[in-house]
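> First the structure, then my questions, so here it is.
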Amino acid sequence: MNRIIEVNDQYAYAVVEPGVTFTDLYNYCARNKLRVWPSVPSLGWGSVVGNTLDRGTGFTPTATHHQHICGLEVMLADGDIVRTGQFAISNSPSSHLSKFTFGPSIEGLFLQSNLGIVAKMGIWLHPQPQAYMSCLFDMQELEDIETLVDIFGELRRNGTLLNIVYVSNIIEWLGMQGKREELWTGQGAIPMWRIRELQKQLDMGYWSAKFGLYGPKEVIQAHYDELQRIVAVKAPRGRLRGELFAGENGQLLDATAVPEPHGGFFVGIPSLWSLPMVRYRLPKDGTGIGAHTDYSAIIPSSGETLLEWVQTAKRICEAEGFDLFCDFFMHERHVIFVNMMTFDKSDPKHRQAVNKIFHGLFREGKKRGFSNYRSHIDHMDLVADLYDFNNHAYRRFVEKIKDTLDPNDILSPGKQGIWPQRYRQDAVRTNALL
C-alpha cells in the first residue's frame, strides 16, 4: 500500500496510498519535475495519509492537511469499499478537484476514527510559486506573546497572511541544537536570567514567529512592505526580517534553491529537523534514551488568553524541574499550543515528572474548556470525555455508527475513546481520576 497513484501539477493534487511518506511524495515530485510543493510536517518520515487523518499540520499554504483532503477510498470492517465526494462517481473528472458532493459528506468520519481503513486519499498541494519570502518576527520577553498573538491573529483572520504562522520559544530552539546540560547545570528549570543571557548570545527573542509569503515577486514585496508598516506601529519592540527568493528570468522557483534555514519544510522539502530535541534532557555522558510527549491544546487566538496559559504552563512545568518547551501554530481563529516534554525514558524520575506535568496541564485546560487536538493512546479516553454536552451525546452518536459499521469489533477498539458495545461497560473513563 505504498503507491503514489497520481500527482497532477495542473490542478495541484496527489493521490496516495497509506504507505507513502512525505519524503516519498517529495522525491517523486522532484524527480518528475512537477510544479507543486507538497506540505510536509517537521518530520518527513511519516505517512501522508496517517498524518492527514490525524489532523497533522505543515508549513506551506496547504499546511492544514485534513482541510485539503479531496476524495477518499475506504475499506469498512465488513470488507465493503466506499469512496467519498466526486470520487464516488465512476470516471469523474472532478474526483480530486471538488469537495462538493450530493447528500451528507462523510470524509470527516474517517479522521481520527476507527470506522474504516483509508486505502487511497486525494490531497491538494501548493502550486510551485514564482517566488517565496522567508519571514522571521521575534520579540524579547515572555509577556510579548500577548502582542504577537493579537497582531498575527488579526493578520490571519483578515487574509493578510494566508498560511500558518509557526511560533516557538527559545527553549524549543535550543532543544534542537544540543543538550540541556550544556546550557544549565543548576537545579530546576533554567532561570530567566540565564535565558536572557542565551538570547543575547544568540541574538534571538524569547518568541520567534516563522512564516512564508508565496507568489509573484512584486506581490510578495508589496505584501512584506505592508507587514513592516503594521508591526512598526503595533509592535515597535519586535523585529521583522525577510529574505526573498525568486526563479530566474521569471521562471518558477526551485525549492532546492532556497537554502537553510530559510527553506526546508517551508518550501515543501521534508527533513528530520526537529528530531534532535529528544536528546535535550539526556546526560552529557551519552547514556539515556531520548523520548518526548506533549499536551497540545486548542486555544482561542487571543493574546490575553495565551499569556495566561503560558504563565500557567510554565508554573506547572517548573514545579517538576522542567523548562517551558513549547511552540504553537496560528490559524485564523485559534492556535494549536504544543507543550512539549522531552525526557530520558530510562529515568523513573523523568517519567514521573512528565506524567505529573501532563495531568497538571490537562486539569488546567479542562477548567478553561480546552481540548487536545490529538492525543497519545494512553490519554484518548481522557480527552474524549471532555466532549460532555447533553450527557456525551457526541460520543453516543459515534458509538452508534461504530456499532453499525463494525458490529464484530474488528477495527481498533477504543481508538479516540470510541469503544464497541461489548467493551463499553468496562472501558475506563479516566476523567474521574483527575
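The values are calculated or read from the model by the stated rules, or taken from the named source; none is laboratory data. For clarity, every value in this text was computed on a predicted model and none was experimentally measured. Every residue, glycine as well, gets a Cβ built from its backbone with ideal geometry; the counts of neighbours run over all protein chains shown. Side chains included, ligands, DNA and RNA excluded: accessible areas come from the protein's heavy atoms. Shrake-Rupley method; radii C 1.70, N 1.55, O 1.52, S 1.80 Å.
> Residues that are under 30 Å from T256 (Cβ atoms) and open to solvent by 30 Å² or more (accessible area, probe 1.4 Å): which strands (runs of 3 or more DSSP E) entirely in region 69-159 hold 2 or more of them?
By residue number, 117-124.
> Identify, please: which residue in region 45-61 is in contact with a Gly (Cβ under 9 Å, 6 or more places away or on another chain) and open to solvent by less than 10 Å² (accessible area, probe 1.4 Å) and is, among those, farthest from V267 (Cα to Cα)?
Residues of region 45-61 in contact with a Gly (Cβ under 9 Å, 6 or more places away or on another chain): 46-47, 49-51, 56, 58-61.
Now restrict to residues that are open to solvent by less than 10 Å² (accessible area, probe 1.4 Å): 49, 56, 58-60.
Details: V49: 20, G56: 17, G58: 10, F59: 8, T60: 7 Å.
Checked region 45-61; the qualifying residue farthest from V267 (Cα to Cα) is V49.
> Sticking with this one: Which residue pairs have Cβ atoms under 8 Å apart, sit 6 or more places apart or on different chains, and have a first residue in region 197-225 that is under 20 Å from D150 (Cβ atoms) and a second that is in a helix (DSSP H, G or I) and acidic (D, E)?
If the second residue must be in a helix (DSSP H, G or I) and acidic (D, E), the pairs left are G205/D144; Y206/D144; W207/D144.
> Something else now. For the list (1) of a type outside the set (F, W, Y); (2) touching a residue at least 40 places away in the same chain (Cβ under 8 Å); (3) open to solvent by 30 Å² or more (accessible area, probe 1.4 Å), I need the number of the one condition that N163 fails.
The number of the failed condition is (3).
> So T256 clears everything in (1) surrounded by fewer than 20 Cβ atoms within 10 Å (Cβ to Cβ); (2) of a type outside the set (A, V, I, L, M); (3) free of Cβ contacts under 8 Å to residues at least 60 places away in the same chain; (4) over 24 Å from G153 (Cβ atoms) except one condition, right? Which one?
(3)
> Every residue in region 326-342 that is over 13 Å from S274 (Cα atoms) and not in a loop (DSSP other than H, G, I, E, B), please.
F328, F329, M330, H334, V335, I336, F337, V338, N339, M341
> Test each condition in (1) at pLDDT 95 or above; (2) hydroxyl-bearing (S, T, Y); (3) outside any helix (DSSP H, G or I) for T185 and report the one that comes out false.
Failing condition for T185: (1).
> Quick check: is even one residue across region 317-325 closer than 17 Å to W207 by Cβ and out of contact with any strand residue (DSSP E or B) (no Cβ under 8 Å at 6 or more places or on another chain)?
Within region 317-325 (the criterion being closer than 17 Å to W207 by Cβ and out of contact with any strand residue (DSSP E or B) (no Cβ under 8 Å at 6 or more places or on another chain)), the answer is yes, since at least one residue qualifies.
> Still on this structure, please answer the following. All but one of (1) in contact with a Phe, Trp or Tyr (Cβ under 6 Å, 6 or more places away or on another chain); (2) at pLDDT below 95 hold for G250, so report the exception by its number.
(1)
> Scanning region 1-29 for residues that are among the acidic types (D, E) and crowded, with 18+ Cβ neighbours inside 10 Å, which turns out nearest to W45 (Cα to Cα)?
Result: D24.
> Right, L174: of a type in the set (A, V, I, L, M), surrounded by 20 or more Cβ atoms within 10 Å (Cβ to Cβ) and not in a strand (DSSP E or B) or not?
When the stated conditions are applied, L174 passes them.
> Being under 25 Å from E6 (Cβ atoms) and under 22 Å from the mean Cα position of the chain (by Cα) is the filter here, so list the residues in region 129-147 that pass it.
Once the filter is applied, which keeps residues that are under 25 Å from E6 (Cβ atoms) and under 22 Å from the mean Cα position of the chain (by Cα), region 129-147 yields nothing.
> Name the one entry in D323, D385 that is touching a residue at least 24 places away in the same chain (Cβ under 8 Å), farther than 28 Å from S113 by Cα, buried (at least 16 other Cβ atoms within 10 Å of the Cβ) and touching a helix residue (DSSP H, G or I) at 6+ places or on another chain (Cβ under 6 Å).
Being touching a residue at least 24 places away in the same chain (Cβ under 8 Å), farther than 28 Å from S113 by Cα, buried (at least 16 other Cβ atoms within 10 Å of the Cβ) and touching a helix residue (DSSP H, G or I) at 6+ places or on another chain (Cβ under 6 Å) holds for just one of D323, D385, which is D323.
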